[in-house]
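Please read the structure below before turning to the comments.
The values are calculated or read from the model by the stated rules, or taken from the named source; none is laboratory data. Small disclaimer: the values here were computed from a predicted structure and weren't measured. For accessibility, only protein heavy atoms count, side chains too; no ligands or nucleic acids. Shrake-Rupley method; radii C 1.70, N 1.55, O 1.52, S 1.80 Å.
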Amino acid sequence: MTTISANDQLSAANGELAPAAQLAEAVVEACAALAGKLDPQQIHDTIVQQAVRLLGAEIALLHGARSPAERALHVRLLASSGLPGALAGALDDLTSTPSLVLRAAESCRIEHTAADAAAIERLSDVRAIDACLRPCWVLAAPLLGAGRPLGVLTCAFGERSPPPHELIPRVQALGAVFALALGSVEREDHQRTELHHRGLDDAGGASSPAQQRAEALLRDAQTARREAEDRLAAEQQWLRSIIEDFPVAIAVFDERGRHSLVASRRCEQLCAGPHPLTAFGAAQYARLCEPTGRPLSHHEMPLVRAARGEGTICAELYLQRADGSTIPVVVSAGPVRDDQGGILGAIASYEDVTHFMERERLREEWLSIVAHDLKQPLTAIAACAGMLSRRSEDAGIQAWSGKIVASVQRLERMTEDLLDASKLEARRFSLERRPTDLRALLHAAVELAAAERPERAVVLAADEDVPPVHADAARMDQVLGNLLLNAAKYGDPDAPIRVTLSLRDAELEVAIENRGPGISPDELPRLFQRFQRLSSDPARSRPPGTGLGLYICKGIVEAHGGRIWAQSQLDETTSFHFTLPLSRGG
């Protein structure tokens, strides 16, 4: 038997042939089996025998597909392997019968189907094969010459066979070899016909064209093999060059064969060496860690998870290099799939966000410095204004002093808002939780609001026997004060502000409602974003503020495990609601 030499074999790391080499070996074996055959029937029988051997089919059939002058296909059985003789008659002539063979001959492409009830009822050849084999799936491959079908190879596969997407590349390669064999038979028949018409005696020289056909077939197969290997090598080199020179740090994991991993140069620069999966756990290589510093285990690695079909999008991780330095990265990974949805491997990208983290740190530091440095002069201004107001009996001076104090208080609130927003964005927002009586907290907040704005009526309705919540009382007072202030600023001054506290299953719900112009539906989704301010009535001037109040309220409520939302009807009522979970165990 002809085989590939050891020098030409493409071996995997475990000593087995790589898929490309296995395919080439099958092609050479088929060529060797066909090369010594002279009789057309021998060639037909060899084709179905090789299909069973090299494809792992349970049954193989070869139908001729000829198109005479009227251009209608004649599909007749030429040879079979594994088919009981009693069923040959049912598959002999499929010219006018709906069948998978006829479909492949007409479409000039590989057709395959599961041997289910629908296919058995619709396709006569699948029905006949199912009567003796009960196959898992059936495939029909046209053997083409000059763009027209010379025959159709049909294979039936059992439960242990590989899936269609793994076998189709081998079917395509062997089909090309079988088509060359059928084409040579057709050419020889044509030559014999011409010699017969010329009155020549071809009996003595019958073996010469056959020998030439065998040699030409082997040469064509060897050429096809070399060309296929050259194309495969060129495509692999092209893909490798793209990956290695890609400006973003990426790594590609091949799930097939030897489970190879290819990383871009940028990825190796980021890791200061090979990718962490190259030698997982080795001290001399980089490791992927959580922000807490815990190294990821092998099954938690984004590439490994992606190879299982679990994608990762913008995960914040750290690369811990062998020299002890760490680099913050944002990792995204996903599986690479074939046309049938099977996972071939995985790809991951690693973005160095050191620059963005440093810029964020500087911004937060700047905000903290500004807010901190503002406090001292603001305190001094407020003290001086208060002293001036107390020492002077002049009504004008007292009025101006009061305005100064009010402005300083507004600046202090803005400064605190900037600090809180900065902490929320940096995820450094801390809470001091204790069992808290939310009903008493609401009473205090309502009394303070009424004292600050005597002209605005505030009505409180709270359920009795409300259990305590585990909360930061000062932060919840901040939320209530902000929502009550908004209701006073944007609501109708002649309508009361209504505050309710209700027990809802495992949580408490607070609602603050006021009448007024309302909030447009377009503004509702953006209310709790940074620097968003209510438009209020267009006829009024916009009240002062930073637009951070509701954003901070949302951050405080969600930090407690609650929810916050708003409801509004134009020119009717607007209400803000938030919930807090009840303390476990009462």
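Data table
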| item | result |
| --- | --- |
| Helix-only [θ]222 nm of the chain, DSSP H runs n ≥ 4, -39500 (n - 2.57) each, per residue, nearest 500 | -15000 deg cm²/dmol |
| Relative contact order [Cα under 8 Å, 6+ residues apart], the range 40-112, whole percent | 24 percent |
| Percent carbon-and-sulfur accessible area, the chain, ignoring ligands, DNA and RNA, probe 1.4 Å | 52 percent |
| Solvent accessible area, Å² - Glu425, 1.4 Å probe, full protein context | 50 Å² |
| Spatial extent of the range 243-354: Rg and Dmax, with the Cα atoms as the point set, Å | 13.2, 44 |
| Vicinal HN-Hα couplings computed from phi for the range 233-241 (Karplus, 6.51 cos²θ - 1.76 cosθ + 1.60; Hz; Gly/Pro x) | 5, 5, 5, 5, 5, 4, 5, 4, 5 |
| Kirkwood hydrodynamic radius of the range 296-364, from inverse mean 1/r over distinct Cα pairs, in Å | 13.4 Å |
| Rg followed by Dmax, in Å, when the range 357-426 is reduced to its Cα trace | 16.1, 55 |
| Derived scalar couplings ³J(HN,Hα) [the range 400-408; Karplus, 6.51 cos²θ - 1.76 cosθ + 1.60; whole Hz; x for Gly, Pro] | 5, 5, x, 5, 4, 4, 4, 5, 5 |
| Anchor Lys423: lysines whose Cα lies under 26 Å away (excluding residues fewer than 8 positions away in-chain) | Lys375, Lys554 |
| Cα coordinate range in the range 315-472, projected on the principal axes (Å, largest first) | 85, 46, 31 |
| Accessible area in square angstrom per residue, the chain, 1.4 angstrom probe | 55 Å² |
| Rg(Cα)/(2.2 N^0.38 Å) for the range 434-581, N = residue count | 1.00 |
| 0 to 90° range, to nearest 10: angle between helix 438-452 axis and the chain longest Cα axis | 50 degrees |
| Percent of Cα pairs exceeding the 40 Å cut-off, where the set is the chain | 58 percent |
